[in-house]
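J.: Supplied in structure tokens, the structure appears directly below.
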Amino acid sequence: MTTFRAAKYLAGVAVVALSAVSAQAEESVEVLHWWTSGGEAAALDVLKKDLESKGVSWADMPVAGGGGEQAMTALRARVTAGNAPTAVQMLGFDILDWAKEGALGNLNEVAAAEGWDSVVPTALQGFGKYDGNWISAPVNVHSTNWVWISKSALDAAGGKAPESWDELVAVLDKMQENGLTALAHGGQAWQDATIFDAVVLSLGTDFYKASMIDLDPAALGGDQMVEAFDRMSKLRSYVDDNFSGRDWNLASAMVIEGKAGMQMMGDWAKGEFLKAGQVPGQDFVCIRFPGTQGAVTFNSDQFAMFKVGDDRTGPQKLMASAIMSPTFQSAFNVVKGSVPARTDVPNDAFDDCGKKGMVDLADANSSGTLYGSMAHGHAAPAAVKNAVYDVVTRHFNGELSSQEAVEELAAAIDAVK
Ligand code: BGC
């Protein structure tokens with residue numbers, strides 16, 4: 001090669017390399033999320049790697065805190081400063097609130113091309129669409145009415161998984177007698193409220209619907225609600241003294257390490273057990289909260305795409321499409337502990353708890369017993385959810401009697417709904 005031809009060749013290489021760099025630079029997403037525990041980070045990595053394989057680079061904006069309250073506060077600050085992230089992990093009514101403000105972009109083109117309408121369950125479409133337009137991409141379906149039990153602790157307590165409230169209390173008593181912290185729990189409002197979802201549901205599907213979905217004052221202020229708070233007090237008696245402020249994944253670790261008997265938590269907890277190398281049926285047992293079999297309180301993590309300028313809609317669409325791919329939905333949810341947000345994903349890769357989660361969801365959907373989780377933003381808008389958090393947590397901490405809690409709950413919800 002002559003010097004001249006070599007120089008020309010090198011210049012050509014440089015041009016190609018430069019355009020590759022700028023294409024690369026354009027294809028990036030900044031993602032705000034609260035997936036910071038070991039299991040959550042492992043699942044997030046599946047998404048990150050999937051996008052990177054498609055040429056989309058990832059700028060991470062993690063904001064710790066289950067249920068996403070802190071993440072939503074950080075989001076508000078970013079949007080107020082005129083600097084919204086590209087994509088945001090969001091739950092239920094929060095998505096609709098941002099859509100109402102006109103802050104979200106439109107995913108109709110990719111949704112239509114990929115036929116989302118026919119594969120995403122209607123209950124999820126209610127939050128992924130606003131005014132008939134797709135505004136977010138659902139990555140999973142979690143549910144909150146689960147209990148995660150240490151297999152060895154259960155065996156030592158008689159070996160039979162509880163199926164009713166009385167059986168649950170008997171197993172918890174036995175675990176306590178055996179010298180364990182019977183119930184692993186972290187004293188944070190959203191964790192208290194997660195148990196409250198299941199406790200309310202355990203008193204009947206009609207009661208959950210009337211109180212948590214319809215916000216019916218008679219159900220909120222009635223005797224069954226007193227009973228729900230009494231059950232919360234009973235559960236509080238099985239929690240250790242150091243529970244205040246403990247993160248949920250540390251509570252999972254207590255069960256994983258055999259220091260505690262069980263945890264009442266959404267199925268993101270399974271991600272922690274799997275990350276620790278534990279196997280369902282062998283090391284831990286997953287059951288529906290006793291008395292809630294046949295019903296499901298769900299929440300779905302969706303990625304809402306903010307209006308961030310035309311130059312960034314390309315990567316947003318790529319991300320939405322990647323999230324909705326059936327192969328990705330399987331790979332991601334196997335690790336996350338949730339189940340797919342599409343109805344056409346095979347269950348082969350899922351463990352027994354995951355398979356059960358998929359069947360339970362489909363059954364609850366067809367029998368009309370699938371309800372949005374209050375604790376995780378799918379039963380009512382944030383103002384109502386926060387009122388529930390406040391009363392449930394004060395009662396759990398012994399500041400209110402059950403009777404007082406019921407009165408405060410009914411009044412607080414009435415004031416904000
Ligand atoms: C989210 C889950 C998350 C959990 C704990 C829930 O609100 O839906 O994806 O794992 O909070 O952080």
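J.: Lysines near Lys234 by alpha-carbon distance under 26 Å, same-chain residues fewer than 8 away left out - which ones?
T.: Output for Lys234: Lys151, Lys160, Lys174, Lys209, Lys259, Lys270, Lys385.
J.: Work out how much length Ala276 to Ala59 would gain on full extension: take 0.36 nm times their residue separation and subtract the Cα-Cα distance, in nm to one decimal.
T.: So the extension gain works out to 75.4 nm.
J.: Which FRET efficiency, nearest 0.05, do Glu257 and Ala41 yield, Cβ-Cβ r, R0 22 Å?
T.: So, using R0 = 22 Å, E works out to roughly 0.70.
J.: How far is the Cα center of the range 204-262 from the Cα center of the range 61-130, in Å?
T.: Taking the Cα centre of the range 61-130 as reference, the centre of the range 204-262 is 28 Å away.
J.: With unit charges on the beta carbon (Lys/Arg positive, Asp/Glu negative), name the residue among Leu168, Met358, Met305 whose Cα is farthest towards the positive pole of the charge dipole of the chain.
T.: It is Met305.
J.: Also, quick follow-up: Per 0.36 nm of contour for each residue apart, how much would the distance between Asp117 and Ser367 grow if the chain were fully extended, relative to their Cα-Cα spacing?
T.: Residue separation times 0.36 nm, minus the Cα-Cα distance, leaves 87.9 nm.
J.: Tell me, Glu272, Glu52 in order of fewest to most beta-carbon neighbours within 10 Å?
T.: Fewest-to-most ranking of Glu272, Glu52: Glu52, Glu272.
J.: Further question on the same structure: Could you name the aspartates and glutamates whose alpha carbon sits less than 16 Å from that of Lys54, not counting residues in the same chain fewer than 8 places away?
T.: Glu26, Glu27, Glu30, Asp45
J.: To the nearest 20 debye, what charge dipole does the range 48-101 have about its Cα centre, counting +1 at the Cβ of each Lys and Arg and -1 at the Cβ of each Asp and Glu?
T.: 140
J.: Give me the extension gain from Val226 to Thr327: residue separation times 0.36 nm, minus the current Cα-Cα distance, reported in nm with one decimal.
T.: Result for the pair: 31.8 nm of gain on full extension.
J.: Based on the Cβ-Cβ distance from Glu399 to Gln70, what FRET efficiency comes out when R0 is 22 Å, to the nearest 0.05?
T.: After rounding, the FRET efficiency stands at 0.45.
Bear in mind these aren't lab numbers, they're just calculated from the coordinates by the rules spelled out. Treat the numbers as computed from the prediction; the structure is a model and nothing was measured. Every residue, glycine as well, gets a Cβ built from its backbone with ideal geometry; the counts of neighbours run over all protein chains shown.
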